[in-house]
Amino acid sequence: MADNQFPGWHGTTIIGVKKDGEVVIAGDGQVSIGQTVIKGSARKVRRLSPGGFDVVAGFAGSTADAFTLLERLEAKLEATPGQLARASVELAKDWRTDKYLQKLEAMLIVTDGSEIFVITGAGDVLEPEHNIAAIGSGGNFALAAARGMMDSDRNAEEVARAAMAIASDICVYTNGNLTIEKISK
């Protein structure tokens, strides 16, 4: 695919791993524009605490677009405390139908420590199989690596770290400078 056709919002890797009552979301720190690395230490994984209700979110895509979506998610969580699934569906509906939000180019992985979802601009709220979600250009590499490790005695963080290391070795839009957030219920 030519550089001018490559959608910039795919240039990252975020993984969510749920194992043994703990969920870890890990994201790389690389920001690229085309073939140029602009920054290597961006934080694409954030902890949100609307109304004292902890949620961890990771994003792939335009930073400004992702922050807009995270603000909207926080507002939905404040309106529906403790109901991540409902807040996620409400966000996806708005994202799909609002003319302003439709233009946003990002994807989110969100968790409250018990549920994990991928939210897309197509109106999808996906609960992943096998307790692993991954997005971004290296997402499929990280997903495959993590699935291969889920039956091992590694904990969620160890699986996420190892999967991200594999993805960063394969995907040129992913580096090994990780931000990791853990949450459990």
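The values are calculated or read from the model by the stated rules, or taken from the named source; none is laboratory data. Just so we're clear, the structure is a prediction, and the values are computed from it rather than from any experiment. Every residue, glycine among them, receives a Cβ derived from its backbone with ideal geometry; neighbour counts consider all protein chains shown.
Within the range 22-72, the residues that satisfy the criterion of being surrounded by 15 or more Cβ atoms within 10 Å (Cβ to Cβ) and of a type in the set (D, E, K, R) are Glu22, Asp28, Lys44, Arg46, Asp54, Asp65, Arg72. Of all residues in the range 81-92, those that are crowded, with 24+ Cβ neighbours inside 10 Å have Cβ atoms under 9 Å from Cβ atoms of residues that are among the aromatic types (Phe, Trp, Tyr), 6 or more apart or on another chain, in Ser88/Phe117. Per the listing Gly121, Gly176, Gly136, the residue uniquely in contact with a Ser or Thr (Cβ under 6 Å, 6 or more places away or on another chain) and at pLDDT below 95 is Gly136. Among the residues making up the range 132-148, a single one is within 9 Å of Val17 (Cβ to Cβ) and in a helix (DSSP H, G or I): Ala146. Taking the range 99-131 as the range and being under 21 Å from Gly21 (Cβ atoms) and in a loop (DSSP other than H, G, I, E, B) as the test, the residues that pass are Asp112, Gly113, Ser114, Glu115, Glu127, Pro128. Go through the range 1-20 and give me each residue that's at pLDDT below 95 and either under 23 Å from Met149 (Cα atoms) or charged (D, E, K, R) (or both). Across the range 1-20, the qualifying residues are Asp3, Thr12. Of the residues making up the range 149-185, those that are surrounded by fewer than 19 Cβ atoms within 10 Å (Cβ to Cβ), part of a helix (DSSP H, G or I), in contact (Cβ under 8 Å) with a residue 40 or more places away in the chain and among the aliphatic types (A, V, I, L, M) number 0.
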